[in-house]
1. Please work out the FRET efficiency for the pair I142 and K41, using the Cβ-Cβ distance as r and a Förster radius of 22 Å; give the result to the nearest 0.05.
2. Using +1 at the C-beta of Lys and Arg and -1 at the C-beta of Asp and Glu, which of P85, I114, L61 has the Cα lying farthest in the positive direction of the dipole of region 20-140?
3. Multiply the residue gap between A120 and D55 by 0.36 nm, knock off their C-alpha separation, and tell me the result in nm, one decimal place.
4. Which residue, K72, K92, K60, tops the fluctuation ranking in a GNM of the chain built on C-alpha contacts under 10 Å?
5. When only C-alpha pairs under 8 Å and at least 6 residues apart count, what is the relative contact order of the chain, in percent?
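What follows is calculated from the coordinates using simple rules that are stated; it is not laboratory data. Here the structure is a predicted model, which is why all the values come from computation and not from measurement. Don't worry about glycine lacking a Cβ; one is built from the backbone with ideal geometry, like all the others, and counts go over all protein chains shown.
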Amino acid sequence: MVIGINEKDLADIFMIRKSLECQAAALSAQNRTEEQLKELKEALEFQEFYLEKHDAEQIKLMDSRFHETLYKLTGSTAFYDTLVPLHKKIQKYRRASIENRSRAAASVAEHRKIFNAIEAQDAPLAAKCALEHVENAYKHIIRKD
């Protein structure tokens, strides 16, 4: 359980994530190796599997694995070391979001789009898809979608 995250903190974290995750996705599309791409695909496929089983806990774990793998694909320890703690800081919000079946399905579909762009080495599309994903997650958390 994360203590001390207020609405402003949450908004700030998502503002930072919007900027950095777009760049991370673009860098991942440019820098990824085939082995790393396989690791990202495996996390995504497990998410899709657990989505069908309605297993929110496993979806959350695979969501974290997907994001952490994405950050590794950048080839930058600075991106990884910055984004992983931010992602963990909002864990209770992510859990609540993933427990909502429609949001979980949308999130996994958004991850599929990010993966497809990275696989195609389309950096601008990867950045665009990552931006949409983070914006949609934030909208859901603050109940604006």
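1. 0.10
2. P85
3. 20.4 nm
4. Answer for the Gaussian network model of the chain: K92.
5. Dividing the mean separation by the residue count of the chain yields 38 percent.
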